[in-house]
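To start, I am sharing the structure in question, which I have written as C-alpha cells.
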Amino acid sequence: MEKWSLQEDTALITLYRMYGPQWVTVSRILGTKSAHQISHRWHNALRPGINKGPFTTFEHDAVTQLYRVHGSRWARISANLPGRTRNMVKASREEMQAEEESIRAKMSIARILN
C-alpha cells in the first residue's frame, strides 16, 4: 500500500466538499486509491474534528473503563471520546497494556533480585 501524498490528501478534501461521502465517485475521480482506502483515510486522518494530540489522563482512564464494559468494540468506545477515532483508541489501549506489562515485568525482576 502506497503512502498518501499531500496532493492526494488535498484532492480528497476538495472532492469530499464537492461530493460528500460518495467514496466510489471520489475514488473514480481521484484515480489512485480504492473507495475503501479513501473512506479509511477520511475517517482516520482527514476528517475535521480529529484530535491528533496525545491522550489526556482523563481519556486514558475513560478508555480503561469503557474497555471493561465494551471489550474491544473500538467504535463504541471511541463514540464516547469526541475527536478520537477507533484506531486511535485501539492504539492507546495497546500502548497502555504494553506499559502495564513492562511495569509488571520490572516488578517481577525486582522481587527476584531482592
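No value in this document is a laboratory result; all are computed from the given coordinates. From a predicted model like this one, the values you see are computed outputs, not experimental measurements. Counting neighbours? That spans all protein chains shown, and the Cβs are built from the backbone with ideal geometry, glycine included.
Please turn the phi angles of segment 25-40 into ³J(HN,Hα) values with the Karplus equation 6.51 cos²θ - 1.76 cosθ + 1.60 (θ = phi - 60°), one per residue in order, whole Hz, x for glycine and proline.
4, 4, 4, 5, 6, 5, x, 10, 9, 6, 4, 5, 4, 5, 4, 4
Could you give the size of the charge dipole of the chain about its Cα centre, using +1 on the Cβ of each K and R and -1 on the Cβ of each D and E, expressed in debye and rounded to the nearest 20?
260
Right, another one. Evaluate the Kirkwood expression for the hydrodynamic radius of segment 57-113, namely the inverse of the mean inverse distance over all pairs of different C-alpha atoms, and round to one decimal in Å.
Evaluated over segment 57-113, this radius sits at 12.2 Å.
Can you tell me how much longer the chain between E95 and N114 gets when fully stretched, taken as 0.36 nm per residue apart minus their C-alpha distance, in nm with one decimal?
Result for the pair: 4.0 nm of gain on full extension.
Related question: Excluding residues on the same chain fewer than 8 positions from K52, give the aspartates and glutamates whose Cα lies under 19 Å from its Cα.
Within reach: D9, D61, E94, E95.
Per DSSP helix of 4 or more residues, -39500 (n - 2.57); summed, then divided by the residues of the chain. What does that give at 222 nm, rounded to the nearest 500?
Helix contribution divided over all residues of the chain: -21000 deg cm²/dmol.
Rounded to the nearest 0.05, what FRET efficiency do T57 and R28 have when you use their Cβ-Cβ distance and R0 = 41 Å?
The formula returns an efficiency of 0.35 here.
So for segment 6-46, Kirkwood radius off the Cα pairs, Stokes-Einstein at 37 °C and 0.692 mPa s: how many µm² s⁻¹?
Result for D is 340 µm²/s.
Per-residue HN-Hα couplings for segment 48-60, Karplus 6.51 cos²θ - 1.76 cosθ + 1.60 at θ = phi - 60°, whole Hz, x for Gly and Pro?
Whole-Hz 3J(HN,Hα) from phi for segment 48-60: x, x, 6, 8, 8, x, x, 5, 7, 4, 4, 5, 4.
Run the numbers on segment 6-46 and let me know its relative contact order in percent, using alpha-carbon pairs under 8 Å that are six or more apart.
Normalised by residue count, the contact order of segment 6-46 is 36 percent.
Here is a further query. Residue-wise, which Karplus ³J(HN,Hα) couplings in Hz belong to segment 6-22, taking 6.51 cos²θ - 1.76 cosθ + 1.60, θ = phi - 60°, and x for glycine or proline?
4, 5, 5, 4, 4, 5, 4, 4, 4, 5, 5, 4, 7, 10, x, x, 8
I've got another one for you. For mean projected area of the Cα convex hull in nm², one of (1) 10.3; (2) 9.8; (3) 7.0 was computed from the structure I shared and the rest are decoys. Which label?
Recomputing mean projected area of the Cα convex hull in nm² here picks out (2).
Could you list W74, W4 so that the one with the fewest beta carbons within 10 Å of its beta carbon is first and the one with the most is last?
W4, W74
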